[in-house]
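Beneath this line is the structure, given in structure tokens, with notes to follow.
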Amino acid sequence: QAQLVESGGGLVQAGDSLRLSCAASGRAASSYYMGWFRQAPGKEREFVARISWRVSTDYADSVKGRFTISRDKAKNTVYLQMNSLKPEDTAVYYCAAGPVPTTYDFWGQGTQVTVSS
């Protein structure tokens, strides 16, 4: 059964760093695109970053230069390194996997990131 399991969230102060991990199994592990999304309270879920099997990356403008997505194919794991965190980065972060950049068939349960000012 395909599964995505996120970890690494927590409570940090503005300016701190966190690294999120997403362990993939089953069909999710062979997905061409892996992505990170986030949803803040009262807001819609938004795209954060994605990485292809060929390791090409895309980022939301709000996180460019601060966040880095990477992929360890041997471990079937995707990472999101988040630096210079801001209070507006506070959200539940979800890992997703899919065949094309705009379609994600598998989703994780989410991990909470809270950035205090």
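The values are calculated or read from the model by the stated rules, or taken from the named source; none is laboratory data. Small disclaimer: the values here were computed from a predicted structure and weren't measured. Note: ideal-geometry Cβ built from the backbone for every residue, glycine included; neighbour counts use all protein chains shown. The area values use the complete protein model at the heavy-atom level, side chains included, leaving out ligands, DNA and RNA. Shrake-Rupley method; radii C 1.70, N 1.55, O 1.52, S 1.80 Å.
For the chain, what is the percent of antiparallel DSSP beta bridges, rounded to the nearest 5? The answer is about 90 percent antiparallel.
Taken over the alpha carbons of the chain as equal point scatterers, the Debye sum produces base-10 log I(q)/I(0) values at 0.15, 0.18, 0.21, 0.22 Å⁻¹ of -0.58, -0.83, -1.13, -1.23. Think of the chain as having a plus end and a minus end, set by charges on the Cβ of Lys, Arg, Asp and Glu; of Tyr33, Gly10, Ala60, Tyr33 sits farthest toward the positive end of this dipole.
The string of couplings for the stretch 44-57 from the Karplus curve (6.51, -1.76, 1.60, θ = phi - 60°) is 7, 5, 10, 5, 10, 7, 8, 9, 8, 4, 7, 6, 7, 10 Hz, one whole number per residue in order, with x for Gly and Pro.
Ranking Arg38, Arg27, Arg71 from most to least accessible surface, computed with a 1.4 Å probe over the protein chains only, gives Arg27, Arg71, Arg38. Summary value for the chain: 36 percent relative contact order, contacts being C-alpha pairs under 8 angstrom separated by 6+ residues. Accessible surface for Tyr32 stands near 80 Å², nearest 10, in the context of the full protein assembly shown (1.4 Å probe). Charges were assigned to the Cβ only: +1 to each Lys and Arg, -1 to each Asp and Glu. The resulting dipole of the chain about its Cα centre is roughly 300 debye.
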